[in-house]
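Enquirer: Pasting a structure below so you can have a look.
Since every read-out is calculated from the coordinates, none of them should be taken as a lab result. For clarity, every value in this text was computed on a predicted model and none was experimentally measured. Cβ placement follows ideal geometry from the backbone for every residue including glycine, while neighbour counts extend to all protein chains displayed.
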Amino acid sequence: MQLLEYFYDRNNELITYHQRKFSIPDNNRVLIYGSPASGKSYLVLDYLMNFDTEDILYIDFDDPKFQFIDIMQEDIEGFIESNSIKILVLDHYEHGYFEYLPSAQKLIILSNKFYDYGDEFKVIEVPLLDYEEFFSFQKQNSERQIFNLFLRHGTLPQLTTQNMPREQLFQSFIKSHFDKSELKLLSVLAHFNSSTVTTFQLYNYAKERYKISKDLIYKQIKEFTQRGIISFIPDAITPSSKKLLFFDFALAKYLSLSQSFLKQFDTMIALSLLKHKIEIKSFGVSGYLTDKQVLILPAPFESEESFWKKAHSKFAIYKKNGIKKVYIVTIATQYNFWIESIEFEALPFYEWVVINDET
């Protein structure tokens, strides 16, 4: 009970909080999941400020006191009853810690992974920042300045709200969320970000650089996929091929020298589509095809004349794949043309990203 008293008395107030697109629903059972540092805890702590602290029991399973002490669900339920607690929060909860979940008037579970607790639970997935959220956090910068900041800082919420050097924040984030073995794999994955690759190729690359078993690396890759650290996007032209996407383009560049600006820009576009819940497939080396047959192509610095020639040379491929429209995402250029029935529209990233949820 001493551990529960500690959590009951712990100060969970937020000093600063930037509003996200998400809100906690009124449901009595809520599961909130998402990649590390996506802002799940802050989202809930902000929500709890609407209630009296006496009505809340917030248990953080990442607290170091759990290294030597365990708690039972029966102890929690007894504590809830004796203190008339209305809201129970289980943060950083690992599925299976309890044989059955504690009873409470309102139960909120926060996890890095999705778990199927049945229809009783309302499920919210919290991704890292999208561009619109990042933009809303900025105060007095121009659109171009904000885009440059987004490119450098990436999508980790804490990097947009703290004044520490970017590299120091990346280092702190990595150390707090990954062990040494996982960090080595992170660097391998960052190297292959925005590339078509197989798990076996990742293993071969890794084993040439550090000691790792095939079983362990396959297990870690599966774990990273479940935690949203990486995604594998199938290819529309070659379905057996899959493109690896790292969960943050700025962190990938911090971890690897292989990440050119074009790869960062490509990843930025792909992650924006995924965060808007748009189903996509990669389209060859560069580009993404939506389920509505809209093709999005990164071309940050290409002129209209140059792209017009490229579009004609690849028009047969576009037509064969039933493409209805092509968006060309640029840094600052804007233009529009047609080839037969297909429209080609070029927009700067910060304009295209506003409409990509309609794609």
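Enquirer: So for the chain, what are the equivalent ellipsoid semi-axes in whole Å, largest first, each being the square root of 5 times an eigenvalue of the Cα gyration tensor? Please report the intermediate quantities before stating the final value.
Expert: Numbers: eigenvalues 336, 107, 75 Å².
Semi-axis lengths for the chain are 41, 23, 19 Å.
Enquirer: Related question: To the nearest 0.05, how large is the calculated FRET efficiency for M72 and S231 if R₀ is 25 Å and r is the Cβ-Cβ distance?
Expert: The computed FRET efficiency comes out at 0.10.
Enquirer: Obtain the nm distance between the two label points defined at S103 and H18 by a simple spin-label model: each point lies 7 Å from its Cα along the Cα-to-C-beta direction.
Expert: With each label placed 7 Å out from Cα toward Cβ, I get 4.3 nm.
Enquirer: Please work out the Cα convex hull volume for region 1-97 and give it in Å³ per residue.
Expert: Here the figure is 121 Å³ per residue.
Enquirer: Quick check: residue separation of V354 and E279 times 0.36 nm, minus the Cα distance between them. What number comes out in nm? Before the final figure, lay out each step's value.
Expert: Numbers: separation 75, 0.36 × 75 = 27.00 nm, distance 1.70 nm.
Once the chain is fully extended between V354 and E279, it gains 25.3 nm.
Enquirer: Along the Cα→Cβ direction, 7 angstrom out, place labels at S306 and R166. What is the inter-label distance in nm?
Expert: Once both label points are built, they end up 2.3 nm from each other.
Enquirer: Need the C-alpha centroid separation for region 1-46 versus region 68-135, integer Å.
Expert: 10 Å
Enquirer: In whole Hz, what ³J(HN,Hα) sequence does region 298-310 give by Karplus (6.51, -1.76, 1.60; θ = phi - 60°), x for Gly and Pro?
Expert: 3J(HN,Hα) across region 298-310, in whole Hz: x, 8, x, 10, 6, 7, 4, 4, 5, 6, 4, 5, 5.
Enquirer: Oh, and also: Using a simple charge model, +1 on the beta-carbon of Lys and Arg, -1 on the beta-carbon of Asp and Glu, nothing else, what dipole does the chain show about its Cα centre, in debye to the nearest 20?
Expert: On the way: 39 positive and 47 negative charges, 443 e Å.
That gives a dipole near 2120 debye.
Enquirer: Here is a further query. Divide, for region 10-60, the radius of gyration over alpha carbons by 2.2 N^0.38 Å, where N is the residue count.
Expert: On the way: Rg = 11.2 Å, N = 51, 2.2 N^0.38 = 9.8 Å.
Ratio of Cα Rg to 2.2 N^0.38 Å: 1.14.
Enquirer: A further question on this structure: For the chain, build the charge dipole from Cβ charges (+1 Lys, Arg; -1 Asp, Glu) around the Cα centre, then report which of T225, I32, S258 sits farthest towards its positive end.
Expert: Farthest towards the positive end: S258.
Enquirer: Taking GluC sites (Glu not before Pro) that fall in a DSSP loop and have at most 13 other Cβ atoms within 10 Å as cut points, what is the longest piece of the chain between them?
Expert: The reported range is 121-207.
Enquirer: Assuming 0.36 nm per residue, please report the length gained on full extension of the stretch Y205 to I342 beyond their Cα-Cα distance. Let's see the in-between values first.
Expert: Values: separation 137, 0.36 × 137 = 49.32 nm, distance 4.10 nm.
Value of the extension gain: 45.2 nm.
Enquirer: Say the cut-off is 19 Å between C-alpha atoms; which of K214/K263; K275/K325; K40/K275; K275/K320; K21/K222 go over it?
Expert: Table pairs above 19 Å Cα-Cα are K214/K263; K275/K325; K275/K320; K21/K222.
Enquirer: Given a Förster distance of 56 Å, report the FRET efficiency between M1 and F315 from their Cβ-Cβ distance, rounded to the nearest 0.05.
Expert: It comes out at approximately 0.20.
Enquirer: Regarding region 199-272, what is the average projected area of its C-alpha convex hull, in nm²?
Expert: Values: hull surface 22.9 nm².
Taking the Cα atoms of region 199-272, their convex hull projects to 5.7 nm² on average.
Enquirer: Continuing with the same structure: Towards the positive end of the charge dipole of the chain, with charges on Cβ (+1 Lys, Arg; -1 Asp, Glu), say which of I339, L186, Y47 has the farthest Cα.
Expert: Selected residue: I339.
Enquirer: Ok, one more. Taking the number of other C-beta atoms within 10 Å as the exposure measure, put W308, W338 in order starting with the fewest.
Expert: Values: W308 15, W338 10.
Lowest count first: W338, W308.
Enquirer: Return the whole-Å distance between the Cα centroid of region 280-299 and the Cα centroid of region 246-267.
Expert: One Cα centre to the other: 19 Å.
Enquirer: Scan region 155-242 for trypsin sites (Lys or Arg not before Pro) in coil per DSSP, keeping those whose Cβ has at most 15 other Cβ atoms within 10 Å, and list them by number. Write out the running numbers ahead of the final one.
Expert: On the way: sites: R166, K175, K180, K184, K207, R209, K211, K214, K219, K222, R227, K242; in loops: R209, K211, R227.
Hits after loop and neighbour filter: R209, K211.
Enquirer: Could you tell me how far the Cα centroid of region 167-205 sits from the Cα centroid of region 316-359, in Å?
Expert: Centre-to-centre (Cα) distance: 32 Å.
Enquirer: Checking the a/c ratio against 1.5 first, then a/b against b/c, what shape does the Cα gyration tensor give for region 166-237? Walk me through the numbers before you get to the answer.
Expert: Working: a/c = 1.77, a/b = 1.28, b/c = 1.38.
Taking the square roots of the gyration eigenvalues as a ≥ b ≥ c, region 166-237 is oblate.
Enquirer: At 222 nm, what value in deg cm²/dmol follows for the chain if DSSP H runs of at least 4 each add -39500 (n - 2.57) and the sum is divided by all its residues, to the nearest 500?
Expert: Numbers: 15 runs with 141 residues, N = 359.
Result for the chain, helices only: -11500 deg cm²/dmol.
Enquirer: Pull up the cross-link candidates among the lysines for K175, meaning alpha carbon to alpha carbon under 18 Å and not fewer than 8 places away within one chain.
Expert: Within the straight-line limit of under 18 Å, K175 reaches these lysines: K184, K253.
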